[in-house]
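Notes for the one structure printed next.
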Amino acid sequence: PPGKSNVQASSEIPLSAETGLANASAAPCTAAPESGGRPYSPPVFTTFTIAEKDIAITGIKLSASSIFQGETLGIEVTVLNKGNQSETFDLTIYYDSAPIETRNIVELPPIVEEAFNFTWNTDSITPSSYRISASAPLPEDANPSDNTFTDGIVEIKSGKPPENVHDVAVLNVVPSPT
């Protein structure tokens with residue numbers, strides 16, 4: 001009866017449920033319906049969204065494949081939100097397994113692909129060849145295997161970049177009549 005009831009309910013959405021809009025309804029009863037309980041008020045209805053969480057790193061572009069220690073490398077990481085809701089997540093870029101930078105990406109809209117630009121300062125990096133990758137873990141992602149992407153190798157060379165030499169050659173001289 002009203003005023004003396006302790007109502008508790010739970011429900012589970014099966015993994016086989018389609019994503020998108022869904023409906024739920026509830027009706028308070030005098031007892032469980034299987035025990036002969038009768039509704040004592042009209043049912044209530046609500047609509048909600050069954051969300052699909054799914055982001056993917058779709059590409060990495062490097063500004064160069066070889067640079068000198070101390071130079072900067074531009075790294076562009078492209079992420080696609082394949083889900084049906086905006087997502088907030090951390091995007092981290094790495095050289096081998098060492099992190100370069102982590103950026104918090106806020107509210108990437110559904111079905112939108114966006115490029116994020118990073119700059120790697122290599123002042124303190126030991127000259128060698130490094131594999132560049134990116135990772136964007138997302139809890140409950142429908143397809144977490146595409147949340148990591150590895151691109152080719154960048155070579156960090158020791159020494160200084162060559163100075164720009166401006167060499168001017170005189171190829172022909174023609175005297176002017178005076």
Checking Phe116, Phe48, Phe68 against a Gaussian network model of the chain (alpha-carbon springs below 10 Å), the top fluctuating residue turns out to be Phe48
Sorted by chain and then number, the residues having a modelled amide H within less than 5 Å of the amide H of Glu71, at least 5 places away or on another chain, are Thr122
Taking every C-alpha to C-alpha distance in region 41-126 and binning by 10 Å from 0, the per-bin percentages run 15, 38, 22, 13, 6, 4, 2, 1
Sorted largest first, the C-alpha extents of the chain along its principal axes in whole angstrom are 118, 46, 29
Using a 1.4 Å probe on heavy atoms of the protein chains only, the accessible area for Thr72 in Å², nearest 10, reads 80 Å²
In region 40-157 the accessible area split gives carbon plus sulfur, as whole percent at 1.4 Å, a share of 50 percent
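Over region 119-178, what portion of Cα pair distances is larger than 20 Å, expressed as a whole percent?
More than 20 Å apart: 62 percent of the Cα pairs in region 119-178.
Might you tell me the accessible area per residue for the chain, computed with a 1.4 Å probe and given in Å²? Please report the intermediate quantities before stating the final value.
Working: 12140 Å² over 178 residues.
That works out to 68 Å² for each residue.
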If one builds a Gaussian network model of the chain from Cα atoms under 10 Å apart, the most fluctuating residue listed among Val44, Val112, Val168 is Val168
Counting as exposed only GluC sites (Glu not before Pro) in DSSP loop states with no more than 10 other Cβ atoms inside 10 Å, the longest exposed-site-free span of the chain is 19-139
GNM of the chain, Cα pairs under 10 angstrom: of Pro28, Pro137, Pro127, the biggest fluctuation goes to Pro28
For Ser129, other-chain or 5+-apart residues with amide H closer than 5 Å (H placed, Pro excluded) are Ile156
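The values are calculated or read from the model by the stated rules, or taken from the named source; none is laboratory data. Keep in mind that this is a model prediction, so the values were computed, not measured. Note that we place each Cβ from the backbone using ideal geometry, even for glycine, and neighbour counts take in every protein chain shown. We work out accessible area using only protein heavy atoms, side chains counted, and drop any ligands, DNA or RNA first. Shrake-Rupley method; radii C 1.70, N 1.55, O 1.52, S 1.80 Å.
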